[in-house]
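Data block below; observations after.
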Amino acid sequence: ANADPELTERDIENRIRFSLGFTMTQLRLHLGALDDLADAMERGNSIAECVAVMEGCKNICGNDGIFNDYDLRRRQKFRSIKANLLEKLMLGEKNADAEEDRLVIGKGGGYKQESKFI
């Protein structure tokens with residue numbers, strides 16, 4: 001017999017949301033380790049070798065202490081790498097660094113301005 005109560009659908013969804021949010025936070029806090037892991041995976045390293053790479057990472061957060069724009073530099077480097085056709089189709093041309101010119105901010109929050117052509 002199981003001592004844990006049965007989880008409702010809502011409880012399951014909340015746990016998934018929490019897990020995704022926590023994971024994204026940890027990845028953003030450890031960008032240097034993530035980059036080292038990605039390099040190891042591209043080289044075809046084994047799981048044990050990938051774990052060793054993350055544990056031996058010299059610059060876990062990725063920031064070099066001089067410039068605090070490591071995340072921006074990572075995105076620029078990623079965009080400079082030629083994407084294959086599938087990546088272009090899946091990711092598109094938009095990126096997080098582009099200015100959003102349709103955003104109207106005011107009392108009560110922000111909203112996107114409606115297009116006048118539709």
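Descriptive notes on the structure:
- Charge context of Leu20, other residues only, Cβ under 14 angstrom, K/R +1, D/E -1: +2
- Order by protection proxy (mean Cβ within 10 Å, highest first), peptides 27-35, 44-52: 27-35, 44-52
Throughout, read-outs are computed from the coordinates displayed, never taken from laboratory work. Model, not experiment: these values are computed from the prediction. Methodologically, a virtual Cβ is constructed for each residue, glycine included, from the backbone with ideal geometry; neighbour enumeration extends over all protein chains shown.
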